[in-house]
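Structure record follows, encoded as structure tokens.
The values are calculated or read from the model by the stated rules, or taken from the named source; none is laboratory data. Because the structure is a prediction, the values reported are computed rather than measured. We place every Cβ from the backbone using ideal geometry, glycine too, and count neighbours over all the protein chains shown.
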Amino acid sequence: MSAPVTGGTARVLVADDDADIRDPVVFKLTQPGYSVEAVRDGTAAWEAFSADPHDLAVLDIQMPGLNGIDVLRKIRPGDHQGVPVLLLSAKSREHDVDLGFAEGADDYVIKPFSPRELLHRVKGLLAKAR
């Protein structure tokens, strides 16, 4: 199981194929000092995470290659079950949200969203993981 963040800078993985979403998220999360790695698709997200696990993952659900749910499914059964995962999606139906949580997501944010709200949710998830 991944060790919780005990000090220093939390490492956050952000995966979204839309630069108009990804870039503001990265900007907002770097403001409080998080170390953010941004990738464009689920395959790159899984490669980055498996090479050097992060303290939290923010995953868009709809991406080419592996989608966010696929990456979540790879994270959950492994040694990093305690790593918080926040899903981003334009899918807002109850069924879609329920599926995200059923697969093991710790939070689900529906697009469009406020980057400030996302930052608060990230802070909360990291605090719980400590």
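Observations on the model:
- Residue within the range 83-93 that is aliphatic (A, V, I, L, M) and farther than 22 Å from Ser50 by Cα present: yes
- Residue within the range 31-41 that is touching a residue at least 60 places away in the same chain (Cβ under 8 Å), of a type in the set (A, V, I, L, M, F, W, C), within 15 Å of Thr9 (Cβ to Cβ) and touching a helix residue (DSSP H, G or I) at 6+ places or on another chain (Cβ under 7 Å) present: no
- Restricting the range 91-113 to residues that are among the small types (Gly, Ala, Ser) and at pLDDT 95 or above leaves a set whose member that is farthest from Val25 (Cα to Cα) is Ala102.
- Consider the range 16-30 and keep the residues that are farther than 18 Å from Ala90 by Cα and in contact (Cβ under 8 Å) with a residue 40 or more places away in the chain. The one that is surrounded by the most Cβ atoms within 10 Å (Cβ to Cβ) is Leu29.
- Every condition in (1) within 23 Å of Ala127 (Cβ to Cβ); (2) surrounded by 18 or more Cβ atoms within 10 Å (Cβ to Cβ) holds for Gly33 except the one numbered (2).
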